[in-house]
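A.B. asks: Sharing a structure with you now.
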Amino acid sequence: MIIDKLCYNSRLRYENASEKFAFAMITLFICVMSRSIAVACIVLSVTGILTVCKGGIPVSRYLHFLTVPLAFLLMSTLAIMLHIRRTPMDFFAVPIGSWYLTSSVHSFLYALQLILTALSAVSCLYFLSFTTPMPDILEVLRKLRCPKLLIELMLLIYRFIFVLLETASAIRTSQDCRLGNRDYKTALKSFGMLGSILMIRAVSRSNQLYDAMEARCYDGTIRILSENRPPKKKVIAAIILFDTALFVFSLWRRFFL
Amino acid sequence: MSKKQKQIIALAGVFALTFGIVPKVNAMHVMEGYLPGGFCIAWGALCLPFLAAGFLSIKKTLNEHRNLITLLAMSGAFVFVISSLKIPSVTGSCSHMTGTGLGAILFGPSAVSILGLIVLLFQAILLAHGGLTTIGANTFSMAIAGPFVSYGIYVLCKKMNINKKAGVFLAATLGDLFTYCVTACQMALAHNADTTFGAALGKFLVVFAPTQVPLAIIEGILTVIIVMGLETYAKPELRAIGYIKEAK
């Protein structure tokens, strides 16, 4: 959960959460809708600079996280770009028996555009997750009239994730100490045992937690105190300006070029 | 080089590409920004009826038994944690379980649809697996299609009196494979420039098969071990979870 730790240390953490949420969402939307290489490059650089320079996330960490979806990206882009045909196409062709592993210039450009769009969309997502802690995002969702039950479930799940992760890592350590991951067979068995014990612990923890909540007068809603950080006019103006410019630019690229 | 030598080199190249580069094998989340806008909205809309049904059933259950909310949340967190732990894998790369097949067997498919949506949102924001625009597509493949198939097979095997271990294994493995096929369909529908839908689907299936098929089998084995462990040690806890499933 490195992302969670990093976002609590971000310098942009105390900005108004709705502003950050709106910026990330609108930019993401424009980026996915326009699917143009130029827009993708602009978005990638702007959100990257904002996250790294303004937010103070180490560059190496940021680049490392950009490579997380790389496996998916590489494999699916290969599937889009390469064709197996009886006749070679115009970009390149490698003969395999009587067939050709081949690609056209059109599909190469399509794949390039897809990679850039996907990376820039990921950078928008990272801007949000590297600057905004989960409780703040939930607060924004609450303002957007997301059903109360869902928000409450999310809040509880977010809390429990850390409880269970801690338990799981303690179990993993003790399994390692007892040579539980010695070879493949024991590793499978250990993981299965870890899973079932984790479930048992989870159930008993959840019962204890409910008792504790009852003891503190739980009546069906969990109230959390949210710090009120009023939005800054300058930031809102900057977001509106940037996104309008980006929107107009993408329209122009699409219809007049 | 003779023709045969060329073939061997080409084959070795394909092998190296599929096994050499891949640093990390996740369950197949469609990446952020990978689907065009129209498809994102369409898949999201397709999920809505299932999510609404799941939401209403959870709400009804919770109105009757308010104390189940912590159990439900703990189940969601359990699915998240199980899917974020590294599992032992054959190829040496680090891979993760989906966890939704196990969830469907334990908690029933309609609760898993809502829990799956929340888990996918957290995976996107906290682990950078999947994404916000593709959450509709991912929810459909991983939290709706897969679990429903898993649960269907599990119930069917139970009715036909097939060995419980075999039933759980089949449910988890086939649910996982179904998720993988649905994801390949989603990608082929969105990206079939220069070819037909069928050819694109075939390519996506082939490219992801080397990682996804072993993963599905491992997930099946692990699910069997986990379920058996629970049956042995945790009868009362299983009864408590059963409330979520029965109270509909």
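The values are calculated or read from the model by the stated rules, or taken from the named source; none is laboratory data. Since the model is a prediction, treat every value here as computed from it, not as a measurement. We place every Cβ from the backbone using ideal geometry, glycine too, and count neighbours over all the protein chains shown. Quick note on the areas: whole protein, heavy atoms, side chains included, nothing else; ligands and nucleic acids left out. Shrake-Rupley method; radii C 1.70, N 1.55, O 1.52, S 1.80 Å.
A.B. asks: Counting only heavy atoms of the protein chains, get the accessible area per residue of region B:159-248 (1.4 Å probe) and round it to a whole Å² value.
C.D. replies: Result: 44 Å² of accessible area for each residue.
A.B. asks: Per residue, how much accessible area does chain A have with a 1.4 Å probe, in Å²?
C.D. replies: Roughly 52 Å² per residue, with all protein chains present.
A.B. asks: Follow-up question, since we're still on this one. Can you give me the long-range amide H partners of A:PHE92? Hydrogens built in the peptide plane at 1.01 Å from N, cutoff under 5 Å, separation of 5 or more residues or another chain.
C.D. replies: A:SER103
A.B. asks: Counting only protein heavy atoms and a 1.4 Å probe, tell me what percentage of region B:26-240's accessible area is made up of carbon and sulfur.
C.D. replies: Here carbon and sulfur together make up 71 percent of the probe-accessible area.
A.B. asks: Give me the net charge for the shell around B:CYS157: Cβ to Cβ below 13 angstrom, other residues only, Lys and Arg +1, Asp and Glu -1.
C.D. replies: So the surrounding residues net to +4.
A.B. asks: Further question on the same structure: Which residues of region A:104-143 bury at least 50 Å² of accessible area once all protein chains are present, versus their chain alone (1.4 Å probe)?
C.D. replies: Going by heavy-atom accessible area, the residues of region A:104-143 that drop by at least 50 Å² are A:TYR110, A:LEU125, A:MET134.
A.B. asks: For A:ALA170 and A:LEU141, calculate 0.36 nm times their separation in residues minus their Cα-Cα distance, and state this gained length in nm to one decimal.
C.D. replies: Between A:ALA170 and A:LEU141, full extension yields an extra 7.1 nm.
A.B. asks: With the solvent-accessible surface defined on protein heavy atoms using a 1.4 Å probe, which residues belonging to region A:178-194 display a reduction of at least 30 Å² in accessible area in the multichain context relative to the isolated chain?
C.D. replies: The answer is A:TYR184, A:LEU188, A:PHE191, A:GLY192 - residues whose exposure falls by at least 30 Å² when every protein chain is included.
A.B. asks: Please give the net charge around B:THR98, taking every other residue with its beta carbon less than 13 angstrom from that of B:THR98, where Lys and Arg add +1 and Asp and Glu add -1.
C.D. replies: Value of the local net charge: -2.
A.B. asks: From the backbone phi of region A:108-121, what are the Karplus-calculated ³J(HN,Hα) couplings (6.51 cos²θ - 1.76 cosθ + 1.60, θ = phi - 60°) in whole Hz, Gly and Pro given as x?
C.D. replies: Working through the residues one at a time gives 5, 5, 4, 5, 4, 4, 5, 4, 5, 4, 5, 5, 5, 5 Hz.
A.B. asks: What's the center-to-center distance, using Cα atoms, between region B:108-136 and region A:156-208 in Å?
C.D. replies: Between the Cα centres of region B:108-136 and region A:156-208 lies a distance of 22 Å.
A.B. asks: If you don't mind, another one. Filter the cross-link list A:LYS5/A:LYS233; B:LYS165/B:LYS235; A:LYS20/B:LYS60; A:LYS185/B:LYS164; B:LYS158/B:LYS235 down to pairs whose alpha-carbon distance in this structure exceeds 27 Å.
C.D. replies: A:LYS5/A:LYS233; A:LYS20/B:LYS60
A.B. asks: Moving on to the next point. Report the residues of region A:110-134 in range of a label on A:VAL235: point 7 Å along Cα→C-beta, backbone N strictly under 19 Å from it.
C.D. replies: A:124-134
A.B. asks: Simple spin-label model, 7 Å along Cα-to-Cβ: A:ARG61 to A:LYS185 in nm?
C.D. replies: Calculated label separation equals 4.3 nm.
A.B. asks: Around A:ILE26, under 13 Å between beta carbons, what's the net of Lys plus Arg minus Asp minus Glu among the other residues?
C.D. replies: In short, -1.
A.B. asks: In whole Å, how far is the Cα centre of region A:34-71 from that of region B:162-228?
C.D. replies: About 31 Å separates the Cα centre of region A:34-71 from the one of region B:162-228.
A.B. asks: While we're looking at this one, here's another question. Total Å² of accessible surface buried at the B-A contact, 1.4 Å probe, nearest 100?
C.D. replies: Rounded to the nearest hundred, the buried surface is 7100 Å².
A.B. asks: For B:ALA199 and B:LYS158, compute 0.36 nm times the residue count separating them, minus their Cα-Cα distance, and round to one decimal in nm.
C.D. replies: Difference between extended and current length: 11.0 nm.
A.B. asks: Note every residue of region B:190-212 with a reduction of at least 20 square angstrom in accessible area, all protein chains present versus the isolated chain, computed with a 1.4 Å probe, or write none.
C.D. replies: The answer is B:HIS191, B:ALA193, B:ASP194, B:THR195, B:LYS203, B:PHE204, B:VAL207, B:PHE208.
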